[in-house]
Amino acid sequence: MKVITNSPVETRRLGEKLGRLLAPGDLIALTGELGAGKTVLVQGIAAGLGIEDTVTSPTFLIIKEYPGKIPLYHIDAYRLAGPDELLDLGYEEYFFGQGVTVIEWADLILVLLPPAYLRIDLGPGPGGEEKRCLVFSACGQRYVKLLEELKRDVDLGC
Amino acid sequence: MAGLILGIETSCDETAAAVVAGGRRLLTNIISSQIELHQPFGGVVPELASRNHLENINLIIQEALAAAGVSWKDLDGIAVTYGPGLVGALLVGVTVAKAIAFARRLPLVGVNHLEGHIYANFLAHPHLEPPFVSLVVSGGHTDLLHVLGYGRYRILGRTRDDAAGEAFDKVARVLGLGYPGGPQIEAAAREGNPGAISFPRAVVKDAPFDFSFSGLKTAVLNYLNRSRQRGEIINAADVAASFQEAVVEVLVERTLAAAARCRVDRVAVCGGVAANSALRSLFQAQSAGTGIEVLYPPPVLCTDNGAMIASVGYYRLQAGHTAPLDLNAVPNLPLENWG
């Protein structure tokens, strides 16, 4: 599934729609270059989960936790030298915990991902610097169903 | 010697410990990334790895006590960062601090990391007293606070997305300048024209003291992409200088506006970005004639360190705010008022 957004506001709104569909234990892996809109998307997901705190970049801390009805674990692999470093940080508490886990720069820690997760690749959209193309791929039944639900909710824009 | 506090900090990358007397006088300040280990056997000493707190912590604490010429029985309290930060990292410091407090029957004090950064200026400026406005600006923070007293704060504004120091690191990376980005951008910018490219200064609606640097980062990326597509030669020095100007301009403007709003005549800047010379020059230029004095700690107190934690610990202990031995790490700890 591919979605084109025209602005950061639209990327955030898409995240919000996704956030409303998420359940405890869900895991989302994001990839995309600097400025692709990963944190913007996560801000939307947090809003969809009903989290009121401001979601800021997790780059420095690597893992940020936001309490809520379903807590959000916002992880960023950007500063990690390799998957081992995430291993040392107790990643399993998040990946297999009771919250929703979203990982930015997931391509850097692919070997640690469990068999089932939703992958979203963010890249530049066609024509216009504000546009983004988001490619959704479901790994596992749970996420195939999740994407079907999201499809009903979203104007694909392409 | 009165009020000797051991401060322990492990909230993110650095393992750090320090001994501070009376909340103000620094005896030792040992930080993992800067430690020069004694080499009694002339061998190679392995570098202490970032976030390898469990392996670093005992060595760092021993070094902090030994270099201060202080033994366990001289201490009056143990202060430790218990948030905000990375939970697994925080837990190492908190657990060690609790063990020491229990074994030596010393009072334990839990400290907020952000509060620690503010107190770095108390260590650097012995006569500094509240009230003042503080700008905490680093790789992980961009917070503007009104410090009303010891343990009394009002948050005026903070970043909505990226921290200023993080923007420096990321722009340095896309310019191929290396890590850490702050000093690299600063060096490149010296050769460049800060007026060469007009990058945006983001204003956050209805929040005059909040910051946003994510859009600036993306604007730099877009500029680089456009130039490459047109086959133009990119002048990295001009990009660095123009980017740096955009960051320091909003930091200085909003901080001085906050000082005016709070009617204070002192501003205490802290965190890693406080070492940036362009930030300091602009503060100096913009504060001239306003009666506002801008203070900074030395670089070793700008980075994460145990001394700033010991300083907060001293004042909290004075006010009777000790922590129980079941103190836990709180990764999203908010700044609380205790004074």
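The values are calculated or read from the model by the stated rules, or taken from the named source; none is laboratory data. Everything numeric in this text was worked out from a predicted model, so none of it was measured. For neighbour counting, all protein chains shown are included, and Cβ atoms are generated from backbone atoms with ideal geometry for every residue, glycine included.
Residue B:292 satisfies every condition listed in (1) buried (at least 18 other Cβ atoms within 10 Å of the Cβ); (2) more than 22 Å from residue B:169 (Cβ to Cβ); (3) touching a residue at least 60 places away in the same chain (Cβ under 8 Å) except (3). Restricting the first member to the stretch B:150-167 and to residues that are modelled with pLDDT of 95 or more, and the second to residues that are among the β-branched types (Val, Ile, Thr) and assigned to a strand (DSSP E or B), the beta-carbon pairs closer than 7 Å and six or more apart or on different chains are B:153/B:147; B:158/B:142; B:159/B:142; B:163/B:142; B:164/B:137; B:164/B:142; B:165/B:137. In the stretch A:72-87 there is at least one residue matching the filter, namely being modelled with pLDDT of 95 or more, of a type in the set (A, V, I, L, M, F, W, C) and touching a strand residue (DSSP E or B) at 6+ places or on another chain (Cβ under 6 Å). Residue B:286 meets all of the listed conditions (1) in contact with an Asp or Glu (Cβ under 9 Å, 6 or more places away or on another chain); (2) crowded, with 20+ Cβ neighbours inside 10 Å but one, namely (2).
Listed by first and then second residue, the pairs with beta-carbon distance under 7 Å, at least 6 apart or on different chains, first residue in the stretch B:277-289 and assigned to a helix (DSSP H, G or I), second of a type in the set (S, T, N, Q), are B:278/B:244.
Tallying residues that are surrounded by fewer than 15 Cβ atoms within 10 Å (Cβ to Cβ) and aliphatic (A, V, I, L, M) within the stretch A:111-132 yields 1. Looking at B:252, B:300, B:294, just one residue is part of a helix (DSSP H, G or I), touching a helix residue (DSSP H, G or I) at 6+ places or on another chain (Cβ under 6 Å) and closer than 28 Å to residue B:11 by Cα, and that residue is B:252.
If you go through the stretch A:97-110 and keep only what is of a type outside the set (A, V, I, L, M) and either over 21 Å from residue A:60 (Cβ atoms) or surrounded by fewer than 17 Cβ atoms within 10 Å (Cβ to Cβ) (or both), you end up with A:97, A:98, A:107. On inspection, residue B:267 does not qualify as surrounded by fewer than 22 Cβ atoms within 10 Å (Cβ to Cβ), under 25 Å from residue B:128 (Cα atoms) and not basic (Lys, Arg). For the stretch B:86-109, the candidate set comprises residues that are away from chain A (no Cβ under 14 Å) and in contact with a Lys or Arg (Cβ under 8 Å, 6 or more places away or on another chain); within that set, the residue that is nearest to residue B:142 (Cα to Cα) is B:109. Given the criteria under 20 Å from residue A:143 (Cα atoms), part of a helix (DSSP H, G or I), touching a Lys or Arg at 6+ places or on another chain (Cβ under 8 Å) and in contact (Cβ under 8 Å) with a residue 60 or more places away in the chain, does residue A:18 qualify? Answer is no for this residue. When you look at residue A:140, is it away from chain B (no Cβ under 13 Å), on the phi > 0 side of the Ramachandran plot and loosely packed, with under 15 Cβ neighbours inside 10 Å, yes or no? When the stated conditions are applied, residue A:140 passes them.
Looking at this structure, is residue B:305 within 19 Å of the chain's Cα centre (by Cα), more than 20 Å from residue B:196 (Cβ to Cβ) and either surrounded by 15 or more Cβ atoms within 10 Å (Cβ to Cβ) or in the same structural domain as residue B:194 (by TED's automatic domain parsing) (or both)? Taking the combined requirement at face value, the residue satisfies it. Residue A:103 meets each of the listed conditions (1) farther than 17 Å from residue A:14 by Cβ; (2) touching a helix residue (DSSP H, G or I) at 6+ places or on another chain (Cβ under 8 Å); (3) facing chain B (nearest Cβ under 10 Å) apart from (3).
Out of A:48, A:37, one residue alone is in contact (Cβ under 8 Å) with a residue 24 or more places away in the chain, within 10 Å of chain B (Cβ to nearest Cβ) and surrounded by 17 or more Cβ atoms within 10 Å (Cβ to Cβ). It is A:37.
Applying the condition of being in contact with a Phe, Trp or Tyr (Cβ under 6 Å, 6 or more places away or on another chain) and under 19 Å from residue A:11 (Cα atoms) to the stretch A:51-75 and asking which residue is nearest to the other protein chains (Cβ to nearest Cβ) yields A:53. Filtering B:323, B:258 for residues that are under 20 Å from residue B:125 (Cβ atoms), in contact with a Pro (Cβ under 9 Å, 6 or more places away or on another chain), surrounded by 17 or more Cβ atoms within 10 Å (Cβ to Cβ) and among the aliphatic types (A, V, I, L, M) leaves a single hit, B:258.
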